Structures are given as C-alpha cells and as structure tokens.
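Reading through the structure tokens given below for one structure.
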Amino acid sequence: MKVTLISIPVRDQEKAVQFYTKKLGFIIKKDAPLEGGHRWVTLVSAAWQDGPELLLEPAPNHFEPCKVFQDALMEAGIPWTQFDVDNVDAEYERLVGLDVEFSVQPTKMGTVKFAVFNDTCGNNIQIIETL
C-alpha cells in the first residue's frame, strides 16, 4: 500500500491553483472539468513529479461538515497538512517575498524547524525541515 493522492479542501479552486503553482511552485498533473463548474485538479511537486498528487478539493463549498472542520482548524491555528522543505529559513524568506502570510515564523523544536502560512483558500499549511 502507498499514498498516491491526498486532498486539501479549498474554497476557490482557481485561486488555489494560482497560489499553489505560482507561489509554492507545484505543477498541474491533471485538470479535468466536473459538474457544477468544479474541476478534478491535482498538483505534484516540481522536484518529485512521480510523487503523491495533491487534489484541490472544493468540498467546503458543497459539504458543510468539511467547511466546519476546515474553519475549526484555521481558527485553532492547526495546519491542514505539511510540506517538507530543504531549508525552512530560505523558503520562509522566498514566500514572504511573494506576500505569503505566516502565522508562525521559523521555529526550531527538537530535531525539526517549521513555519506555518495561510494558503489563502481556508487552510494553514506547515513547512518543515528535519535538522
């Protein structure tokens, strides 16, 4: 068994596509229209194109429990997911330069360094570096 796809709830798929590709550097792997103006759009890391796909899931727009859960995580400051990076400080500086808003600046905790940002689509995302 292996992980091939994970989903992240987004309130606006096009805004999410722009943020995740232009600011975070992911690339589109699949993009197919669905009913209701939604899309099946998955992204992959430019550095790991055969790795797991990230599905930009519009669930908060049509499934209230997802929206409630997403809101609760955001309000509590809990990240929806995390992405590994080689250097949290460098990635933090790069993203701040692209006007990405961080709620947690680079912080060392034990054998990791992490930071948390707002993806502008309803989620906190954590970046992490293993020291």
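Scoring Val100 on the criteria (1) closer than 24 Å to Thr4 by Cα; (2) aliphatic (A, V, I, L, M); (3) in a loop (DSSP other than H, G, I, E, B) leaves a single failure, condition (1). Taking the stated definitions as given, is Thr42 within 27 Å of Lys2 (Cα to Cα) and without any contact (Cβ under 8 Å) to a residue 40 or more places away in the chain? When the stated conditions are applied, Thr42 passes them. The set of residues from the stretch 108-131 being touching a Ser or Thr at 6+ places or on another chain (Cβ under 9 Å), open to solvent by less than 60 Å² (accessible area, probe 1.4 Å) and not in a strand (DSSP E or B) comprises just one member, Asn123.
From Gln105, Gln82, Gln70, which residue is open to solvent by 80 Å² or more (accessible area, probe 1.4 Å) and under 16 Å from the mean Cα position of the chain (by Cα)? After applying the criteria, what remains is Gln82. Quick one: would you say Asn87 is more than 16 Å from Asn124 (Cβ to Cβ), out of contact with any strand residue (DSSP E or B) (no Cβ under 7 Å at 6 or more places or on another chain), open to solvent by 40 Å² or more (accessible area, probe 1.4 Å) and touching a residue at least 12 places away in the same chain (Cβ under 8 Å)? No; evaluated as a whole, the condition is false for this residue.
Scanning the stretch 101-112 turns up at least one residue that is at pLDDT 95 or above and touching a Lys or Arg at 6+ places or on another chain (Cβ under 8 Å). Of all residue pairs spaced 6 or more apart or on separate chains, those with beta-carbon atoms under 9 Å, a first member in the stretch 64-77 that is at positive phi and a second member that is open to solvent by 70 Å² or more (accessible area, probe 1.4 Å) are Gly77/Ser103. Among the residues of the stretch 29-50, those identified as more than 20 Å from Leu95 (Cβ to Cβ) and surrounded by 12 or more Cβ atoms within 10 Å (Cβ to Cβ) are Lys29, Lys30, Asp31, His38, Arg39, Trp40, Val41, Thr42.
Selection of the stretch 70-95 for residues being in a helix (DSSP H, G or I) and under 21 Å from Val41 (Cβ atoms) yields only Gln70.
The values are calculated or read from the model by the stated rules, or taken from the named source; none is laboratory data. Here the structure is a predicted model, which means the values were calculated and not measured. Please note: Cβ atoms are built from the backbone with ideal geometry, for glycine as well, and neighbour counts cover all protein chains shown. Surface accessibility is based on the protein's heavy atoms, side chains included, excluding ligands, DNA and RNA. Shrake-Rupley method; radii C 1.70, N 1.55, O 1.52, S 1.80 Å.
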